[in-house]
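Before any comments, here is the structure.
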Amino acid sequence: MEIADSIALAMGAAWTSGINLYATVAVLGIMAATGHIVLPEQLAILQSPEVIAIASFMYLVEFFVDKTPGADSAWDAVHSFIRIPAGAVIAAQAMAPVSQEAQFIAFLLGGAITTSAHGTKAASRLMINTSPEPFSNWFASITEDITAIGALWLTFNHPYVIIGFVIVFFIFALWITPKIIKAFRAILSKLASFFSPKQAPPMAAPPVTAPPLPDERGPDPGP
């Protein structure tokens, strides 16, 4: 593989791992096993039947969990500890044929790229879950799956396009993620104030009246 192809594979696979790790592993493994792509020797393990079977099964589980409001955010929270290191490792192994220095740099940058994709997805899902209807979750999940598979196709057919796309997305994620989190916190604050019991206004204390002053004229002398 040329250096540009290795960079495209490292960046593209790291990005798609943040969106859907299991789909990334399954698609890379199936395409390599069927001879449609050639993976570096360090990633050849992805085309083993065992890895393909497990990745496909986990993708099937995620396919349904990811479309369930609330469960998708919990799934994303747990996979913060799975997608990010896995994306970093895949990126590092993709750059292994270049040099050890490139492999280590790819590990660091691959983790950052995976984090940006995963963070944007998780933050967006939190916003979507504020909607009462489930169709937005289905639409978002299916769109993410198609996007991840399409990005892998670009990785092997148009490497420079995927490199440019990932760079632009990384910059965009740095800009948009804090705004999404801020908006989500504002929504939670409004919901909390809406459902919190309203307290009755405190009763005003009765006015304090001064006792009557004694008559300074003295007692009435009478007739």
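The values are calculated or read from the model by the stated rules, or taken from the named source; none is laboratory data. These numbers were taken from a predicted model, which means no experiment stands behind them. Glycine also receives a Cβ, built like all others from the backbone with ideal geometry; neighbour counts cover every protein chain displayed.
General remarks:
Matching residues to (1) surrounded by fewer than 21 Cβ atoms within 10 Å (Cβ to Cβ); (2) among the polar types (S, T, N, Q); (3) under 21 Å from VAL27 (Cα atoms):
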{"residue": "LEU109", "(1), (2), (3)": "yes, no, no"}
{"residue": "SER141", "(1), (2), (3)": "no, yes, yes"}
{"residue": "GLU144", "(1), (2), (3)": "yes, no, yes"}
{"residue": "THR147", "(1), (2), (3)": "yes, yes, yes"}
{"residue": "TRP153", "(1), (2), (3)": "yes, no, yes"}
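- Only a single item in (1) modelled with pLDDT under 95; (2) assigned to a helix (DSSP H, G or I); (3) in contact with a helix residue (DSSP H, G or I) (Cβ under 9 Å, 6 or more places away or on another chain) is not met by VAL38, and it is number (2).
- Applying the criterion of being over 17 Å from PHE165 (Cβ atoms) and of a type in the set (Val, Ile, Thr) to the residues of segment 1-26, the residue that is surrounded by the most Cβ atoms within 10 Å (Cβ to Cβ) is VAL25.
- Matching residues, segment 13-35, being more than 17 Å from the chain's Cα centre (by Cα) and either in a helix (DSSP H, G or I) or among the β-branched types (Val, Ile, Thr) (or both): VAL25, ALA26, VAL27, LEU28, GLY29, ILE30, MET31, ALA32, ALA33, THR34
- Unmet criterion (only one of (1) out of contact with any helix residue (DSSP H, G or I) (no Cβ under 8 Å at 6 or more places or on another chain); (2) surrounded by 21 or more Cβ atoms within 10 Å (Cβ to Cβ)) for GLN93: (1)
- The residues in segment 90-130 that are of a type outside the set (D, E, K, R), at pLDDT 90 or above and either farther than 18 Å from ALA148 by Cα or not in a helix (DSSP H, G or I) (or both) can be counted, and the count is 16.
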